[in-house]
Amino acid sequence: MTESAPLHPERLQPGQAFPEFSLPDAGGKTHRLSDYAGKYVVLYVYPKDDTPGCTKEACDFRDNALLKSRGAAILGVSADDAESHSKFAEKFSLPFPLLSDYGAEFLKSIGSWGEKNLYGKVTQGIKRQTFLIDPEGKLVKSWLAVQVEGHADAVAKALEQDQAK
C-alpha cells in the first residue's frame, strides 16, 4: 500500500497508528488527533445530524457514565456543515465536538464512506463506524458496522478493558 492510497479500516489493525486528521468543529476550531495526545479518543462516524439513529447514538455517548469517568475525548464526525452541527449539538446538549468533513475526504480515506444497504436499497454514503484510539494515537478497536442500541456501552467496556492492561 502506498502512502497516498486510502487506508481502509479493514486493513488498520489494533496497535497501528490511526491516521491524523484536521477537521473543524461547529465553531470553526480545527481539531487534530495530535491535539488529544495523552488521552483516549472515541471517534464516531455518523451519517446525518438530527436523524433518529444518529440522535440516539449521540445522546448515548453524551449520557454514558463510564466513558465520562474514564476521561475519554468523544468526537463525532459527519459530512454535515458547521451550522447543522451547531443546531444538533444545541438541541441535544451535546458536550463534545462534532467535526465537519464536508466533502467526506477524510471519511473516504479511512473507509467510512462507501456502499450501504438500507432496507434493500443500495446507496453510497457515510457508514456508521467507531474507532477507539489510545493515548499514543494507536487504534485499540474499531466497530465497522455499528448497531446503535448498546453501542456506547460496548465502546465504554472496550475502553475500560484497555485501560486495565
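The values are calculated or read from the model by the stated rules, or taken from the named source; none is laboratory data. Since this is a predicted model, take the numbers as computed values, not measurements. Glycine also receives a Cβ, built like all others from the backbone with ideal geometry; neighbour counts cover every protein chain displayed.
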State which residue is modelled with the lowest pLDDT when the search covers only segment 110-140 and only residues that are within 27 Å of HIS31 (Cα to Cα) and of a type in the set (S, T, N, Q).
-> GLN124
State all residues of segment 20-58 that are in contact with a Pro (Cβ under 7 Å, 6 or more places away or on another chain) and either closer than 19 Å to ALA89 by Cα or in a strand (DSSP E or B) (or both); if no residue qualifies, say none.
-> ASP25, THR30, HIS31, CYS54
What residue, of ASP80, ASP50, is acidic (Asp, Glu) and in contact with a helix residue (DSSP H, G or I) (Cβ under 6 Å, 6 or more places away or on another chain)?
-> ASP50
With the checklist (1) touching a residue at least 60 places away in the same chain (Cβ under 8 Å); (2) of a type in the set (Gly, Ala, Ser); (3) part of a helix (DSSP H, G or I) in hand, flag the one item SER84 doesn't pass.
-> (1)
Residue within segment 63-85 that is over 25 Å from LYS157 (Cβ atoms), among the hydroxyl-bearing types (Ser, Thr, Tyr), surrounded by 14 or more Cβ atoms within 10 Å (Cβ to Cβ) and modelled with pLDDT of 95 or more present | yes
Does segment 138-148 contain at least one residue that is over 25 Å from SER34 (Cβ atoms) and basic (Lys, Arg)?
-> no
